[in-house]
1. Which angle from 0 to 90°, rounded to the nearest 10, does the C-alpha axis of helix 71-80 make with the longest principal axis of the chain?
2. For the chain, report the accessible area per residue in Å² (1.4 Å probe, heavy atoms, rounded to an integer).
3. Can you tell me the FRET efficiency between LYS76 and ILE16 if r is taken as the Cβ-Cβ distance and R0 is 35 Å, rounded to the nearest 0.05?
4. As I understand it, the dipole of the chain uses +1 on the Cβ of Lys and Arg and -1 on the Cβ of Asp and Glu, about the Cα centre. Which of LEU77, ALA49, MET1 lies farthest toward its positive end?
5. First compute the accessible area of the chain with a 1.4 Å probe, then give the percent of it belonging to carbon and sulfur atoms.
6. Only one of the values (1) 31, 13, 13; (2) 19, 15, 11; (3) 35, 14, 10 was calculated from this structure for semi-axes √(5λ) of the Cα gyration tensor in Å; name its label.
7. Residues of the range 19-63 with the amide nitrogen closer than 18 Å to a label point 7 Å from the Cα of LYS2, along Cα-to-Cβ, please.
8. Could you tell me what fraction of 2.2 N^0.38 Å the Cα radius of gyration of the range 8-55 comes to, as a two-decimal ratio?
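The values are calculated or read from the model by the stated rules, or taken from the named source; none is laboratory data. All of these numbers come straight from a predicted model, not from anything done at the bench. Cβ placement follows ideal geometry from the backbone for every residue including glycine, while neighbour counts extend to all protein chains displayed. Protein only, heavy atoms only, side chains kept; ligands, DNA and RNA dropped before computing areas. Shrake-Rupley method; radii C 1.70, N 1.55, O 1.52, S 1.80 Å.
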Amino acid sequence: MKSTGIVRKVDELGRIVLPIEMRRTLGIAEKDALEIYVDGDDVILRKYAPTCIFCDNAKDLQSFKGKNVCPECLSKLRGKF
């Protein structure tokens, strides 16, 4: 895990603000959903992507390098290499 050096306080409603530069770098727009994970004492936020990154299919997804890909697109990817 890489440190950004950015520190934010939690407000009285339990919210934090992700800086615009970070959101732009990570492709997080307003109203995008984020998944929340806990790993020991760490809280991990990940952009929620419940569909295939290529065709938006939501069935039988597999993870390929951290991205959701459907079997059809995955076989097309494998055929090109």
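1. For 71-80 against the chain, the angle is about 70 degrees.
2. Roughly 91 Å² per residue, with all protein chains present.
3. It comes out at approximately 0.35.
4. Checked the options; the winner is LEU77.
5. 53 percent
6. (1)
7. From the range 19-63, the list is 19-28, 44-47.
8. Its radius of gyration relative to the 2.2 N^0.38 Å reference: 1.33.
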